[in-house]
Amino acid sequence: MDSTRMSSKGAGNGSHGISSGASSGTPHIHRAGPRLNGTGPGLPGALPPSSKARGRARLNGKELAFKITLGLLCTFIFLIIIYPLYFIVIASFSDSTLVATGKVWLVPKNISFFGYQEIFKDMRIWTGYRNTVFYTLFGTLVNMLFTLPAAYVLSRREFRARKVIMFIFVVTMFFNGGLIPTYLLMKDLHLTNTIWVFIIPFCVNIFYLIIARTFFESSLPQELHEAAVMDGCSHFTFFFKVALPLSKAMISVIGLYYLVGHWNDFFTALIYIRNNNLQPLQIILRDILLSNQVFAGGAGTGGDAGGYAQRYADQIKYGVIIVSTLPILMIYPFIQKYFEKGVMIGSIKG
């Protein structure tokens, strides 16, 4: 009786216990061994704290080395990408002779803004900016108004004709009428020498349509549409209040692609526009660049005059690049967060 009571008391204290033997009744005293992270000392696989600490230190060392290597690699790639643009910036207001001889690397030398003065004193450039901004903004708006609804309709499985229509769209990516039939068509439609030739004929890019359709089809669950229908939503309501708010990443990426395409559009104006008041910025910058190159070439045999002309013609060349790309570079940071998400559309399936 006493030994049993002592055993119970010792077990309650948790420090040591006294129990009777199974056969002889002789009391045995045993101590509770220390526990490591909730495991007893006799359990297989239990590591002492020092071993675990060393393993964690080795793992952290590998991760640190990987992060350092990755950071250096990303920095190197960034410098390779950014340096040509930086060089064009400093070369646009540096002495072209020093640029041509390789003496301008990191900082501009013999700074002169003559090239930019020659570009901006030509009043046509302001007309080109006005036209290009209008073509870009209004054209992108029309592109999205046609592309997104078409992509949503073609993503709905209950629309039976979607495969036939999509096949017709895809065929146009590989076969077209050619330049001369297209020009005759634009002329018969009275679109030449009008602002609409930049907007209406090319309002849908089939590749971007496929991207948007795939996003609507794979990223918007069918159960979401069924729940909306049970709440009384029509297709129009679901498209505007559910599909579009959930598609900001895709919309920003496609919108950026359309916007850059309109901003850099050069061929459309070259073929279909003869009115100088409708010319976009790219055509006007091309004319400025060609006129200065002709000036430099004509003065090339004139001694100092030839060197002067060539030097500032090169400055104008670099300045034209900056003037034509700077607005897009200023817009990109504002939609970068959506672009990083949307560029991965279709790469991961959940």
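With respect to S252, is the statement that it is surrounded by 16 or more Cβ atoms within 10 Å (Cβ to Cβ), under 24 Å from M144 (Cβ atoms) and at pLDDT below 90 true?
So S252 passes the test.
Looking at I80, I165, I88 in this structure, which one is modelled with pLDDT of 85 or more, out of contact with any Lys or Arg (no Cβ under 6 Å at 6 or more places or on another chain), of a type in the set (A, V, I, L, M) and exposed (fewer than 10 other Cβ atoms within 10 Å of the Cβ)?
The unique qualifying residue is I80.
Given the criterion of a type in the set (V, I, T) and either open to solvent by less than 40 Å² (accessible area, probe 1.4 Å) or touching a His at 6+ places or on another chain (Cβ under 9 Å) (or both), identify the matching residue among T97, T127.
Testing whether each residue is of a type in the set (V, I, T) and either open to solvent by less than 40 Å² (accessible area, probe 1.4 Å) or touching a His at 6+ places or on another chain (Cβ under 9 Å) (or both) leaves just T127.
Can you pull out every residue in the stretch 112-124 that is open to solvent by 90 Å² or more (accessible area, probe 1.4 Å) and outside any loop (DSSP other than H, G, I, E, B)?
Q117, R124
Just name the residue that is surrounded by the fewest Cβ atoms within 10 Å (Cβ to Cβ) out of those in the stretch 171-191 that are part of a helix (DSSP H, G or I), of a type outside the set (F, W, Y) and touching a residue at least 40 places away in the same chain (Cβ under 8 Å). Before the answer, list the steps.
Restricting attention to the stretch 171-191, the residues satisfying the condition of being part of a helix (DSSP H, G or I) are 171-174, 179-188.
Those still in the list that are of a type outside the set (F, W, Y) too: 171-173, 179-182, 184-188.
Adding the requirement that they be touching a residue at least 40 places away in the same chain (Cβ under 8 Å) leaves 179, 186.
Working: L179: 10, M186: 20.
Result: L179.
Can you tell me which residue within the stretch 139-161, out of those that are assigned to a helix (DSSP H, G or I) and open to solvent by 40 Å² or more (accessible area, probe 1.4 Å), is nearest to L244 (Cα to Cα)?
Filtering first and then ranking leaves P149.
Considering only residues that are more than 19 Å from P327 (Cβ to Cβ), assigned to a helix (DSSP H, G or I) and either among the basic types (K, R) or free of Cβ contacts under 8 Å to residues at least 24 places away in the same chain (or both), which ones fall in the stretch 248-292?
Correct list: K248, F267, L270, L290, S291.
Given K103, K109, which one is basic (K, R), in contact (Cβ under 8 Å) with a residue 12 or more places away in the chain and surrounded by 12 or more Cβ atoms within 10 Å (Cβ to Cβ)?
On the way: K103 fails: in contact (Cβ under 8 Å) with a residue 12 or more places away in the chain.
Among K103, K109, only K109 is basic (K, R), in contact (Cβ under 8 Å) with a residue 12 or more places away in the chain and surrounded by 12 or more Cβ atoms within 10 Å (Cβ to Cβ).
Name the pairs: first residue in the stretch 211-230 and among the small types (G, A, S) and part of a helix (DSSP H, G or I), second residue at pLDDT 85 or above and surrounded by 17 or more Cβ atoms within 10 Å (Cβ to Cβ), Cβ to Cβ under 7 Å, at least 6 apart or on different chains?
As it stands, the answer is A212/T147; A212/L148; A212/A151; A212/M250; A212/I254; A228/F238, since those pairs meet every condition given.
The values are calculated or read from the model by the stated rules, or taken from the named source; none is laboratory data. Because the structure is predicted, anything quoted here is derived from the model rather than measured. No Cβ is skipped: glycine too gets one built from the backbone with ideal geometry, and neighbour counts run over all protein chains shown. Accessible surface areas use protein heavy atoms only, side chains included; no ligands, DNA or RNA. Shrake-Rupley method; radii C 1.70, N 1.55, O 1.52, S 1.80 Å.
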